[in-house]
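*Asks:* Dumping the structure here so I can ask a few things about it.
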Amino acid sequence: MRLVDQRALPERLVFLECATVASLCSAIRSLAVRGAPALGAAGAFGVALAAHHTDRPTTVVAAARRIAATRPTAVNLRWGVEQALMAYRSGGARAVLGAARRVVADDIAANEAIGRHAVDLVDDGARVLTHCNAGHLATCGYGTALGVVRGAVAAGKRVSVYAGETRPLLQGARLTAWELERSGIETTVIVDSAAAGLMAAGGIDLVVVGADRIAANGDVANKVGTYGLAVLARHHRIPFVVAAPTSTIDLATPTGADIPVEQRPADEIAVVGGRRVVPRGVAVSNPAFDVTPARFVGALVTEVGIATRPWRSTLAAHRRSGFATGRADPTDPPDRT
Ligand code: MRU
């Protein structure tokens with residue numbers, strides 16, 4: 001597998017080759033590849049990689065379990081692994097590669113559809129705040145939250161983006177700013193704690209974020225800090241929109257309280273640019289995600305369209321008719337009529 005190594009951005013665009021499942025697992029854990037939909041594709045290709053190396057189904061299934069366990073919050077990872085395993089069980093190593101390729105193609109198509117559906121949510125001249133990176137890099141192309149921005153720009157609207165830097169790993173500053181700059185979309189990076197003042201000053205018209213998992217009741221897990229932005233947006237009467245493919249909707253998880261939140265190593269916070277900034281011996285807590293209660297979400301855009309309340313029924317309907325629903329024969333081309 002050949003992946004953009006997101007750890008090296010924005011200084012260098014380099015690629016990482018993963019020839020084994022172990023190297024892929026380490027790439028996922030260290031965020032060389034990250035972002036829920038990109039993890040789904042990485043998981044599916046990881047199963048293909050395992051199937052390429054062995055004829056023993058039990059070894060492939062064990063590898064699939066190891067890959068799925070690398071990051072617990074983004075449900076797309078488990079979903080991508082399951083898509084590939086389903087294909088493997090019915091058609092072996094050749095079918096699993098086809099299924100992984102389809103995960104990629106479907107994700108790009110889903111993101112482009114999200115961009116089209118969301119056009120009316122973005123006014124001409126809108127100043128859009130986003131968090132973390134939910135763009136090309138986090139998906140298989142185009143992006144979810146940034147897909148909303150790209151869709152609006154493609155429709156001829158002038159849009160400028162505020163990217164929260166996204167402590168501690170700076171996905172907003174490093175990745176969102178990098179890809180928007182390459183796309184020629186006006187971007188300003190702010191520290192995460194500047195969002196409140198900017199909203200109070202009337203500087204933000206819309207908040208758009210991606211998601212790592214959407215529970216059946218509409219609660220949304222996304223990069224830590226998202227919940228705070230949702231509360232701020234409500235206080236300042238700014239629309240708060242979540243954009244995600246239906247593969248991010250997890251109907252088996254009833255509420256946000258049931259979503260496992262990944263705890264990451266303390267040194268991601270305690271060490272900045274190689275220098276220790278938290279005294280040794282002081283506790284550090286590093287949850288990678290938080291959960292935004294559904295009541296703070298104004299609209300949720302998937303490839304099916306714009307979902308609004310009541311969340312349970314609309315999310316179930318989106319999941320049923322979206323690209324994420326398994327087809328009986330995974331080698332069939334998707335039906336997108
Ligand atoms: O820890 P990360 O960088 O994988 O977290 C990513 C996010 O929180 C994204 O907002 C989310 O996965 C949506 S990506 C389209």
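To keep it simple, each residue is scored yes or no on (1) within 25 Å of S30 (Cβ to Cβ); (2) assigned to a helix (DSSP H, G or I); (3) modelled with pLDDT of 95 or more.
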| position | (1), (2), (3) |
| --- | --- |
| D55 | no, no, no |
| R66 | yes, yes, yes |
| P72 | yes, no, yes |
| R78 | yes, yes, yes |
| L85 | yes, yes, yes |
| Y88 | no, yes, yes |
| V103 | yes, yes, yes |
| D106 | no, yes, yes |
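*Asks:* Then there is this: Kindly indicate whether G147 is on the phi < 0 side of the Ramachandran plot, at pLDDT 95 or above, in a helix (DSSP H, G or I) and assigned by TED's automatic domain parsing to the domain that holds A244.
*Replies:* When the stated conditions are applied, G147 passes them.
*Asks:* Can you pull out every residue in the stretch 299-308 that is in a loop (DSSP other than H, G, I, E, B), at pLDDT 95 or above and either open to solvent by 40 Å² or more (accessible area, probe 1.4 Å) or touching a Leu at 6+ places or on another chain (Cβ under 7 Å) (or both)?
*Replies:* Selection gives V304 alone.
*Asks:* If you scan the stretch 93-124, which residues turn out to be surrounded by 19 or more Cβ atoms within 10 Å (Cβ to Cβ) and not hydrophobic (A, V, I, L, M, F, W, C)?
*Replies:* The answer is R102, D106, D107, N111, G115, H117.
*Asks:* Sticking with this one: In the stretch 164-173, what residues are under 15 Å from Q6 (Cβ atoms) and buried (at least 22 other Cβ atoms within 10 Å of the Cβ)?
*Replies:* Of everything in the stretch 164-173, those that are under 15 Å from Q6 (Cβ atoms) and buried (at least 22 other Cβ atoms within 10 Å of the Cβ) turn out to be T166, L169, Q171, G172.
*Asks:* Then there's this: Which count do you get for residues in the stretch 178-209 that are open to solvent by less than 20 Å² (accessible area, probe 1.4 Å) and either assigned to a helix (DSSP H, G or I) or not assigned by TED's automatic domain parsing to the domain that holds I238 (or both)?
*Replies:* Count: 4.
*Asks:* Identify the single condition in (1) within 20 Å of F240 (Cα to Cα); (2) within 14 Å of the ligand (Cβ to nearest atom); (3) part of a loop (DSSP other than H, G, I, E, B) that L169 does not satisfy, given that it satisfies every other one.
*Replies:* Every condition holds for L169 apart from (1).
*Asks:* Kindly provide the set of residues from the stretch 130-144 that are near the ligand (Cβ under 7 Å from one of its atoms) and either at positive phi or in contact with a Cys (Cβ under 7 Å, 6 or more places away or on another chain) (or both), ordered by number.
*Replies:* Hits for the stretch 130-144 are C132, G143.
*Asks:* Taking V224 as the residue in question, decide whether it is of a type in the set (A, V, I, L, M, F, W, C), in the same structural domain as P279 (by TED's automatic domain parsing) and more than 16 Å from the ligand (Cβ to nearest atom).
*Replies:* No; evaluated as a whole, the condition is false for this residue.
*Asks:* Now a separate question. Just need a number here: residues in the stretch 244-295 that are under 19 Å from Y227 (Cα atoms), open to solvent by 40 Å² or more (accessible area, probe 1.4 Å), away from the ligand (no atom under 16 Å from the Cβ) and in contact (Cβ under 8 Å) with a residue 60 or more places away in the chain.
*Replies:* Residues that pass the stated criteria total 0.
*Asks:* So, one more: Can you confirm whether G256 is modelled with pLDDT under 95, in the same structural domain as C132 (by TED's automatic domain parsing) and out of contact with any His (no Cβ under 7 Å at 6 or more places or on another chain)?
*Replies:* No.
*Asks:* Suppose we keep only residues that are among the basic types (K, R) and either farther than 18 Å from G98 by Cα or crowded, with 24+ Cβ neighbours inside 10 Å (or both) within the stretch 30-87. Which one would you say is nearest to the ligand (Cβ to nearest atom)?
*Replies:* The residue in question is R34.
The values are calculated or read from the model by the stated rules, or taken from the named source; none is laboratory data. Model, not experiment: these values are computed from the prediction. Neighbour counts run over all protein chains shown; Cβ positions are idealised from the backbone, glycine included. Please note that ligands, DNA and RNA were not included when accessible areas were found on the heavy atoms of the full protein model with its side chains. Shrake-Rupley method; radii C 1.70, N 1.55, O 1.52, S 1.80 Å.
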